[in-house]
C-alpha cells in the first residue's frame, strides 16, 4: 500500500523508527459456513461528537486519516492448529484528524 505524500506518511516520517502501515483485510462474508476462518469483519470505530467534535463535518463514504493514541486494556492469545492467534482491547485516549486540507 503506497501512502507516499499522505498526511499519515508525513507524520510517520517524523518517527525515528519507520513504522509499518498495515492495510486492514477486506470484509469476507460467510457462505453458510460457521467455521471462523470462512468470514472476517474489519474492526470499526464508533465516535460521537462527545468523543470527537470533528465527526459533525464528516460525510458517509468520506475517507479521513486519523492519528490516535490508545491504551491497551487487555491482551489474549490462543493456540490453534495454524499457530498462535492474538487479539487485544484498546481504549482510545487521544484522537486527531490529520486529513490533508484541500488547497493546502
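The values are calculated or read from the model by the stated rules, or taken from the named source; none is laboratory data. Remember, it's a predicted structure, so these values are computed and weren't measured experimentally. Neighbour counts are summed over all protein chains in view; Cβ atoms, including those assigned to glycine, are modelled from backbone coordinates with ideal geometry.
Could you check the stretch 95-104 and list, in sequence order, the residues that are part of a strand (DSSP E or B) and surrounded by fewer than 10 Cβ atoms within 10 Å (Cβ to Cβ)?
none
Look through the stretch 37-80, keep the residues that are over 22 Å from residue 98 (Cα atoms) and part of a loop (DSSP other than H, G, I, E, B), and return whichever of them is nearest to the chain's Cα centre (by Cα).
41
Using the structure shown, decide if residue 58 is surrounded by 12 or more Cβ atoms within 10 Å (Cβ to Cβ), closer than 18 Å to residue 87 by Cα and modelled with pLDDT of 75 or more. Spell out the reasoning first.
Working: surrounded by 12 or more Cβ atoms within 10 Å (Cβ to Cβ): yes; closer than 18 Å to residue 87 by Cα: no; modelled with pLDDT of 75 or more: yes.
For residue 58, the condition - surrounded by 12 or more Cβ atoms within 10 Å (Cβ to Cβ), closer than 18 Å to residue 87 by Cα and modelled with pLDDT of 75 or more - is not met.
If residue 9 satisfies all but one of (1) assigned to a helix (DSSP H, G or I); (2) at pLDDT 90 or above, what's the number of the condition it fails?
(2) is the only condition that residue 9 fails.
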